[in-house]
1. Quick test for you: out of A159, A201, A176, pick the one residue that is aliphatic (A, V, I, L, M) and loosely packed, with under 15 Cβ neighbours inside 10 Å.
2. State yes or no: is V149 under 30 Å from H227 (Cβ atoms) and either within 16 Å of the ligand (Cβ to nearest atom) or modelled with pLDDT of 95 or more (or both)?
3. Select from region 1-37 the residues that are surrounded by fewer than 24 Cβ atoms within 10 Å (Cβ to Cβ) and within 18 Å of Y283 (Cβ to Cβ) and list them in ascending order.
4. Give me a count of the residues in region 29-58 that are within 12 Å of the ligand (Cβ to nearest atom) and either assigned to a loop (DSSP other than H, G, I, E, B) or within 17 Å of K295 (Cα to Cα) (or both).
5. Anything in region 270-310 that is surrounded by fewer than 16 Cβ atoms within 10 Å (Cβ to Cβ) and more than 15 Å from the ligand (Cβ to nearest atom)? List them, or say none.
6. Identify the residue in region 59-72 that is touching a helix residue (DSSP H, G or I) at 6+ places or on another chain (Cβ under 7 Å), outside any helix (DSSP H, G or I) and of a type outside the set (F, W, Y) and, among all such residues, is surrounded by the fewest Cβ atoms within 10 Å (Cβ to Cβ).
7. Restrict the check to region 142-164 and report whether at least one residue is without any contact (Cβ under 8 Å) to a residue 12 or more places away in the chain and either assigned to a helix (DSSP H, G or I) or among the small types (G, A, S) (or both).
8. Every residue in region 83-136 that is assigned to a strand (DSSP E or B), in contact with a Lys or Arg (Cβ under 6 Å, 6 or more places away or on another chain) and in contact (Cβ under 8 Å) with a residue 24 or more places away in the chain, please.
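The values are calculated or read from the model by the stated rules, or taken from the named source; none is laboratory data. Everything numeric in this text was worked out from a predicted model, so none of it was measured. Every residue, glycine among them, receives a Cβ derived from its backbone with ideal geometry; neighbour counts consider all protein chains shown.
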Amino acid sequence: EFDILIVGGGPAGAAAAIYAARKGLRTGIVAERFGGQVMDTLAIENFISVKETEGPKLVAGLEEHVKAYDVDIMNHQRAVRLDVPAEAGKTAKVALANGAELSAKAVILATGARWRELGVPGEKEYRGRGVAYCPHCDGPLFKGKKVAVIGGGNSGVEAAIDLAGIVEHVTLIEFADALRADAVLQRKLRSLPNVTIVTNAQTTEILGDGAKVNALRYRDRATGEEHTVELAGVFVQIGLVPNTDWLEGAVARNRFGEIEIDARCTTSAPGVFAAGDCTTVPYKQIIIAMGEGAKAALSAFDYLIRLAPA
Ligand code: FAD
C-alpha cells in the first residue's frame, strides 16, 4: 500500500511526487504518458528562471528529479476507476486498465487536460508551427504578425484581446451567429482597432508553405462562400477538456468536468487531493501546475499526520 498515490505524470504529478517523497512517504506515480502536455510543447519561454527551453527537455529534467527520490513510477499505465475512502483513514483504490488495483492512504489526482481540436486539414501538420492553443505561451512569437483566434467564447475573446496588444491584427472567427463571451469582454473586443470579428463562419482548412502556417480558409455558413485570410498564426480556443471522465461518481466536478478543489487542493472525497489542469484552478500553465502539485502533496501530508496511529 502506498502512503500517497499520484495519478498523472505531468508537471503537477511530478511536483507532487517530489514533495511527497521528501516527506519520507511511500510514493507512487501512475501515468499514461510521463511528461503530459509538456511532451507536445516546442518552445517554452515562461517557465520562470529558465529563459528558454523545449518540452521534451523540461520533461527529461522532471524525470531526473523524480528519479532522484524513491518514487515508484508506473509509466504507460492508465487509471480507469477510483474508489474513494468511505471516511478519513480508510484506503483509496485505483484500478488500472491492465486489471491491477493499487491502494493508498491518500491519492493525488493530476491527470491534466487536452485542448479540443478543430479537426481540419492543416491543424495537426502545423501544430507548433503556427497552430497554437495557448496565448500566454505563444502570443509573443507572433509579435507584429497577423493571427486568427477560433472561438468566440470567453477564452477565445480573452485570447483575441490579449493578442491584439501584441500582434499586428487579429481575426476572431466564431462558428455560431453570435459571440458567446461575456458582454463586458465583447465590448472591450469591439473597441480594439486591430480586430475583425467574423461570425457564422466554419473554419475548413489551415494552410501553410510546408514549414509554417500562411493562411486560413473558412466558409460563410449563411452564403456558403469560401474566404481565405492570410496570416501567420491560428489560436484554437474551442475548449480545454480535463481528463476526468474516469472519475465519474468519485469526486465532485464542475460543468466543464474540472475537479472542484479548494485553496489546499482538497476534493469532495476524504484523502483525495487534486492539482493542475484537471482541476478548477484558474490559468492552466506549467508553473501553476507545479505549484499546485506541491500544494496537493503538502495537504496530503497534513492529512496523513492527522490520521489515528495504525
Ligand atoms: P498534464 O501535463 O496534462 O499531465 C497529465 C498527466 O496525466 C500525463 O502524464 C497523462 O498521461 C496523465 N493521465 C491522464 N489521464 C490519465 C489516466 N486516466 N491514468 C493515468 N494517467 C493519466 N504551459 C506553459 O506554462 N508554457 C508553455 O509554453 C506551454 N505551452 C503549451 C503548448 C502546448 C501545445 C500545450 C498542449 C500546452 C502548453 N502549456 C504551456 C500548458 C501546460 O503544458 C499545462 O498547463 C501543464 O502541462 C499542465 O500540467 P498537469 O500536470 O496538470 O497536466
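1. Just a single option satisfies the conditions, and that option is A176.
2. Yes, satisfied.
3. Q37
4. Number of matching residues: 11.
5. Selection gives D302, I305, R306, L307, A308, P309, A310.
6. D70
7. Within region 142-164, none of the residues are without any contact (Cβ under 8 Å) to a residue 12 or more places away in the chain and either assigned to a helix (DSSP H, G or I) or among the small types (G, A, S) (or both).
8. Result: D83, S103.
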